[in-house]
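Undergrad: Dropping the structure in here first, questions after.
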Amino acid sequence: MEKLLKYCLKSALFIVLFSCNNSEENFDHLSQAERQKLSTEVFDGGSHLPQGSVKSMTRIERAIAIDPGNCDAVRELSVAYLKRGMPDKWKPQMDKTVECNPEIWTGYRGYNYLWFYRDYKRAIADFNATDSITPDFTEAPQGHSVDFWRGIAYLGLKEYAQSISYFDKHIAKETAESGEDWVEQEAFLYKGIAHYENKQPEKALESLNKVIHYSKNLTADGKYYKALILAEQQNCTKALLLVNEAIADFNNGYFNSRDYVETIRQIYMEDLNKLKTQVDTCLAATI
Amino acid sequence: MRILKIVGWIALSALVICVALFAFSYYNYFGKFPEDRNKYSDYIGHIDQETALLNDVFTLCGEGAIYKTHHGAPKDAYNGGKNTFKKRVLESYKTNGATESGYVNFRFLINCEGNPGWFEVLEIDMNYEKTNHNPEMVSQLLSITSDPTNWSIYKVGEDPVNYYHYVSYRIENGKITEILP
């Protein structure tokens with residue numbers, strides 16, 4: 001019994017010591033390479049923890065305490081604030097990330113300004129900054145070139161000439177390197193929208209036809225905008241066919257959207273129904 | 001009798017091994033990660049139901065479990081769709097001489113009946129720092145956002161549940177220019 005009691009006391013002491021605050025840990029005895037390795041292990045070792053949970057945030061803080069140059073960890077600390085609508089907490093942490101590694105994270109911050117805050121001017125400033133940070137190549141935060149993102153940001157500002165010129169630059173580069181069929185359909189879609197809003201319907205149709213072609217005829221957005229133009233040109237029969245196809249595509253999930261935020265120029269079923277009503281009226285008037 | 005005893009011991013040993021393996025796996029996967037509760041009292045985005053605004057109008061359902069805490073419910077929350085919500089807001093909102101720019105964010109909960117409450121308000125300037133906007137403007141936006149007709153019932157399987165959502169209004173010179181997410 002006495003032994004059991006001693007064992008329990010030892011176990012309790014061990015647990016108390018083990019659960020001591022990590023901020024008291026000291027890593028000065030480790031070399032820089034060892035700190036980097038340990039920091040990566042701590043960070044990666046908890047990547048399965050729910051994002052923004054206390055355990056996850058604690059492990060990220062520990063990874064940064066071990067190696068303040070672990071910029072992936074510095075960035076990860078900002079993400080939960082971004083996704084949960086807390087810009088005052090997101091911004092200082094994101095700025096620290098950019099300071100940590102401007103080459104990697106400046107474009108990414110621009111991407112966040114663009115989509116989560118619709119802060120087009122700051123987004124463009126960050127995308128432009130990548131031109132001088134990495135002059136030898138075009139940055140591609142979140143998998144798309146900064147030219148593509150600038151095209152969207154200028155569309156957000158309704159500066160159509162700039163928007164179109166960046167889409168042209170992006171499309172020309174992708175086409176030269178990999179072929180036109182490798183260009184994102186969204187590049188053609190947004191370029192088409194920019195032309196449409198800039199009152200250049202024929203040029204818009206050129207781009208929208210490419211969206212329809214490369215999407216294998218499954219695009220509610222491409223067909224919606226094309227139908228919109230045809231209806232304005234009083235080509236109501238074709239417009240009706242297209243808007244009906246657009247509704248079918250939309251119902252089957254073939255429309256432009258994003259996971260965490262509404263996309264720019266998002267279309268909804270109400271838009272499609274409204275256009276269908278207009279086209280029906282147009283057709284009735286011509287009979 | 002002896003065979004029964006042996007089988008019993010084997011079964012007991014197997015059970016102990018299974019429990020030990022489960023405990024070991026749980027510990028390695030989750031339990032071993034410490035929590036700095038001094039710095040993070042709860043998960044990011046947690047709403048303190050004691051201090052939140054409009055916390056006494058409705059009640060949370062069941063045990064009070066909250067879903068969609070990862071990033072809100074942008075594809076499920078709006079009753080009639082985001083477009084409908086946008087139209088309602090823009091039709092209701094009056095600038096009333098407000099001239100400020102920045103963001104007004106409402107982070108809140110919606111119960112299993114689609115009723116919103118437990119609001120936290122974040123007033124942010126164009127530099128992403130906390131500020132105090134025109135109180136009448138914020139109050140007007142809170143009143144619009146907290147209208148239950150805007151919000152859907154969210155179900156997990158067949159069961160309606162409580163969930164988290166946020167709405168961010170980007171304001172330029174007193175006018176709403178974007179409604180996110």
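The values are calculated or read from the model by the stated rules, or taken from the named source; none is laboratory data. Keep in mind the model is a prediction, meaning the values are calculated, not measured. So basically every Cβ, Gly included, is an ideal-geometry build from the backbone, and we count neighbours across all protein chains shown.
Undergrad: Considering only residues of region B:144-181 that are away from every other protein chain (no Cβ under 12 Å) and touching a Leu at 6+ places or on another chain (Cβ under 9 Å), which is surrounded by the fewest Cβ atoms within 10 Å (Cβ to Cβ)?
TA: Result: B:S146.
Undergrad: Same structure, new question: Taking region B:99-115, which residues are assigned to a strand (DSSP E or B) and at positive phi? Spell out the reasoning first.
TA: Looking only at region B:99-115, we keep the residues that are assigned to a strand (DSSP E or B), and these are B:102-110.
Hit for region B:99-115 is B:G102, nothing else.
Undergrad: Kindly indicate whether any position in region A:121-128 is within 14 Å of another protein chain (Cβ to nearest Cβ), of a type outside the set (S, T, N, Q) and in contact with a strand residue (DSSP E or B) (Cβ under 6 Å, 6 or more places away or on another chain).
TA: Restricting attention to region A:121-128, the residues satisfying the condition of being within 14 Å of another protein chain (Cβ to nearest Cβ) are A:121-123, A:125-126.
Next, only the ones that are of a type outside the set (S, T, N, Q) stay: A:121-123, A:125-126.
Still in the running and in contact with a strand residue (DSSP E or B) (Cβ under 6 Å, 6 or more places away or on another chain): none.
Among the residues of region A:121-128, not one is within 14 Å of another protein chain (Cβ to nearest Cβ), of a type outside the set (S, T, N, Q) and in contact with a strand residue (DSSP E or B) (Cβ under 6 Å, 6 or more places away or on another chain), which makes the answer no.
Undergrad: Also, I was wondering about something else. Is it the case that region B:56-69 has a residue that's surrounded by 12 or more Cβ atoms within 10 Å (Cβ to Cβ) and in contact with a helix residue (DSSP H, G or I) (Cβ under 7 Å, 6 or more places away or on another chain)?
TA: No, region B:56-69 contains no residue that is surrounded by 12 or more Cβ atoms within 10 Å (Cβ to Cβ) and in contact with a helix residue (DSSP H, G or I) (Cβ under 7 Å, 6 or more places away or on another chain).
Undergrad: Can you find even one residue in region A:63-86 that is surrounded by fewer than 21 Cβ atoms within 10 Å (Cβ to Cβ), within 14 Å of chain B (Cβ to nearest Cβ), among the charged types (D, E, K, R) and not in a loop (DSSP other than H, G, I, E, B)?
TA: Checking region A:63-86: not a single residue is surrounded by fewer than 21 Cβ atoms within 10 Å (Cβ to Cβ), within 14 Å of chain B (Cβ to nearest Cβ), among the charged types (D, E, K, R) and not in a loop (DSSP other than H, G, I, E, B).
Undergrad: Can you confirm whether B:S101 is of a type in the set (S, T, Y), surrounded by fewer than 17 Cβ atoms within 10 Å (Cβ to Cβ) and either touching a strand residue (DSSP E or B) at 6+ places or on another chain (Cβ under 9 Å) or not assigned by TED's automatic domain parsing to the domain that holds B:I176 (or both)?
TA: Working: of a type in the set (S, T, Y): yes; surrounded by fewer than 17 Cβ atoms within 10 Å (Cβ to Cβ): yes; either touching a strand residue (DSSP E or B) at 6+ places or on another chain (Cβ under 9 Å) or not assigned by TED's automatic domain parsing to the domain that holds B:I176 (or both): yes.
Considered against the rule, which asks whether it is of a type in the set (S, T, Y), surrounded by fewer than 17 Cβ atoms within 10 Å (Cβ to Cβ) and either touching a strand residue (DSSP E or B) at 6+ places or on another chain (Cβ under 9 Å) or not assigned by TED's automatic domain parsing to the domain that holds B:I176 (or both), B:S101 comes out as yes.
Undergrad: Let me ask you something else. In region A:170-214, which residues are of a type in the set (G, A, S) and either closer than 18 Å to A:S257 by Cβ or part of a helix (DSSP H, G or I) (or both)?
TA: Applying the first criterion (of a type in the set (G, A, S)) to region A:170-214 yields A:172, A:176, A:178-179, A:187, A:192, A:194, A:204, A:207.
Matches in region A:170-214: A:A172, A:A176, A:S178, A:A187, A:G192, A:A194, A:A204, A:S207.
Undergrad: When you scan region B:1-49, how many residues do you find that are basic (K, R) and surrounded by 11 or more Cβ atoms within 10 Å (Cβ to Cβ)?
TA: Taking region B:1-49 as the starting set, the residues that turn out to be basic (K, R) are B:2, B:5, B:32, B:37, B:39.
Filter again for surrounded by 11 or more Cβ atoms within 10 Å (Cβ to Cβ), leaving B:32, B:37, B:39.
Of the residues in that region, 3 qualify.
Undergrad: If I ask for residues that are over 30 Å from A:E25 (Cα atoms) and charged (D, E, K, R), which ones from region B:24-82 would you list? Before the answer, list the steps.
TA: Initial filter on region B:24-82 (over 30 Å from A:E25 (Cα atoms)): B:47-82.
Matches in region B:24-82: B:D48, B:E50, B:D56, B:E63, B:K68, B:K75, B:D76, B:K82.
Undergrad: Let me ask something additional. Tell me whether region A:199-222 contains one or more residues that are modelled with pLDDT under 95 and more than 14 Å from every other protein chain (Cβ to nearest Cβ). Even if it seems obvious, please write down each step before you answer.
TA: If we filter region A:199-222 for residues that are modelled with pLDDT under 95, which is where we start, we get none.
No, region A:199-222 contains no residue that is modelled with pLDDT under 95 and more than 14 Å from every other protein chain (Cβ to nearest Cβ).
Undergrad: Condition first: without any contact (Cβ under 8 Å) to a residue 60 or more places away in the chain, facing another protein chain (nearest Cβ under 8 Å) and in a loop (DSSP other than H, G, I, E, B). Now tell me which residues in region A:260-276 satisfy that.
TA: A:E262, A:Q266, A:Y268
Undergrad: Being outside any strand (DSSP E or B), assigned by TED's automatic domain parsing to the domain that holds B:A73, free of Cβ contacts under 8 Å to residues at least 40 places away in the same chain and small (G, A, S), is that true of even one residue in region B:163-181?
TA: Scanning region B:163-181 turns up no residue that is outside any strand (DSSP E or B), assigned by TED's automatic domain parsing to the domain that holds B:A73, free of Cβ contacts under 8 Å to residues at least 40 places away in the same chain and small (G, A, S).
Undergrad: Restrict the check to region B:19-36 and report whether at least one residue is within 10 Å of chain A (Cβ to nearest Cβ), free of Cβ contacts under 8 Å to residues at least 24 places away in the same chain, touching a helix residue (DSSP H, G or I) at 6+ places or on another chain (Cβ under 9 Å) and of a type in the set (A, V, I, L, M).
TA: no
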